[in-house]
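To keep things clear, I will list the structure first and then write my remarks on it.
The values are calculated or read from the model by the stated rules, or taken from the named source; none is laboratory data. Bear in mind that the values here come from a model prediction, so they are computed numbers and not experimental data. Note: ideal-geometry Cβ built from the backbone for every residue, glycine included; neighbour counts use all protein chains shown. These area figures cover heavy atoms from the full protein model, side chains too; ligands, DNA and RNA do not enter into them. Shrake-Rupley method; radii C 1.70, N 1.55, O 1.52, S 1.80 Å.
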Amino acid sequence: MTRGAMLLPVGLPLLFGALMMLGGAPLMMVAVVGAVVAVAIVTQPLRGLLLFALLAPAVPWMKAGPLPLPEALLVLTWAGVAIQWLGGRLPAWPRGRPERLLGWLALWALVPMVAGQLRPEGVGIGPLNWARWVLNLSPVFLLPLLVRDERTRDRLMLALLLGFAGLLVIALGFFAISRDPTRMTAFLATLRYPNPEVIKDIFYADPGRMPSPWIHPNSTGAAMLLAAPLGVFYAVVNQGWRRWLGAFVFVAGTGGIVFSGSRGALLCLGVFVAWLAWRKTPYAGRGLVLAILLAVSLLLVYPPAQKRFASLFSSNDVSTGVRFDEYTHFPGNALRYPLGLGFKAETPASSPEKGVYGISNLWLNYWFKLGLPGMLLFIAVTLAWWREVRLTGDFRHVGPHNALRIATTGTVLAALGTGFIDHYFSFTQVLISLFWLILAMGLMLARTSQPASIATAKPLTNRPGSRPVNCP
């Protein structure tokens, strides 16, 4: 027995005894559970990735020490990966072109991080914020290291859908019980969400929009936009309760987007379904009609959503006016921060009364934060991703493998589509980690040995009792 193993039976009782004296039984129990989970993840890092996929959609900013719980899970997962590397039990580091370019983007971000530290703006810790941002990019590298067979991939997809279902149950459940945002604020306080006063101000700024654990209504819409396309295809390729899970995520996700008042998310979801109909995907035409009817029905019964979407056609809409002002002032931002704003300060939200203008655009926000090279590297990453995942032919014959390819590709395209009017998939912690996770899943599916053309795929016969999904 090693010296460390001999000390363990003595050290653990002393540690937990000290916790009992300092914080009582509750703190000790939390410490015990946390230690058990940490050991389980470090010894089997796949567990950490699965837990991340399960919890990140539902409770993105629940605190676990100094970090949100999903980010803490990623840290523990990488610790387990490092241990497995030392033991020679992992494959080689992924070296695809998208991964290489993303690595260069993370390295370039060190330059604006250092430049931002030398400016007076902001009070954050630049190196720490940069490390957290890189951590949120890391699912692109974790996936090929830990997910090496179809069964594991299916477990990850199931965990992700269950996480989104949890988000929808929480958000729609609180919204159905009461429109008072105080209930959601109190619930998030029990999860140790930071800045409760700021959360309360956001919820009360427009109480007609559905509150959720993602706090800002547009972030809520963005998260649900990631959920809905995955849900509908998960329902198509599965039977039994899994089909009902996918259907619930799609239908409830569509409703959640309407109640959140996120116009960009609803528009991009519509474009996604229209894209499927254009590519002749089975049932997409009927799905487009169903989605339109569902959205219209919800708008008819919910006056705040009517007001929100009617503002799209108003010349006096404040949100639209602010966006035009942002584009007008963006050249000044670019000249003021030629190397980007960096990580010491958050990309500022627009405050016209203070003369401060952010930018509600995914690509220009990369420029604002990381300078022009950062934006160009992000564009290079997405183009390299598209070259690997783009689908040839039409989608008349959809097999189980190709269905998930369509789902992940379409989800990322829909998320990028919101980038023309919002910036949430650029630097919003945890939300971007889900974006990069789904992007990595699409890459993994595209790289497996399957038919090069969607049109040559075999019909759905992967489960007992399933029937082919073909056009009539």
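Need one word for the range 34-73: rounded, prolate or oblate. Basis is the Cα gyration tensor (sqrt eigenvalues a ≥ b ≥ c); a/c below 1.5 gives rounded, then a/b vs b/c decides. It is oblate, given that a/c is not under 1.5 and a/b is not larger than b/c. Under 16 Å from a label point set 7 Å out along the Cα-to-Cβ vector of residue 92, the amide N atoms of the range 138-180 belong to 144-145. Label-to-label distance, residue 335 versus residue 119, with points set 7 angstrom from Cα along the beta-carbon direction: 1.5 nm. Between residue 63 and 69, 193, the built amide H atoms are under 5 Å apart, and every one of these is 5 or more places off in sequence or on another chain.
Pulled fully out, how much extra length does the chain show between residue 128 and residue 293, if you take 0.36 nm times their separation in residues and subtract their Cα-Cα distance? Please list the in-between numbers first.
Numbers: separation 165, 0.36 × 165 = 59.40 nm, distance 4.64 nm.
Length gained, residue 128 through residue 293: 54.8 nm.
Among rounded, prolate and oblate, which fits the range 122-204 when a ≥ b ≥ c are the square roots of the eigenvalues of its C-alpha gyration tensor, a/c under 1.5 means rounded, and a/b larger than b/c means prolate? Since a/c reaches 1.5 but b/c is at least a/b, the shape of the range 122-204 is classed as oblate.
Near residue 358, the amide H atoms lying under 5 Å from its own belong to 350, 351; only residues 5 or more places off or on other chains count, and H is placed 1.01 Å from N.
Shape analysis of the range 53-179 places it in the oblate category; the axes a ≥ b ≥ c from the Cα gyration tensor give an a/c of at least 1.5, with a/b not above b/c.
The accessible area of residue 155, taken with all protein chains in place and a 1.4 Å probe, comes to roughly 100 Å². Taking 7 Å steps out from each Cα toward its Cβ at residue 327 and residue 349 produces label points 2.3 nm apart. A full extension of the chain between residue 186 and residue 83 corresponds to an added length of 33.1 nm, given 0.36 nm per residue minus the alpha carbon distance. Per residue, the solvent-accessible area of the range 83-184 (1.4 Å probe, heavy atoms of protein chains only, all protein chains present) comes to 49 Å².
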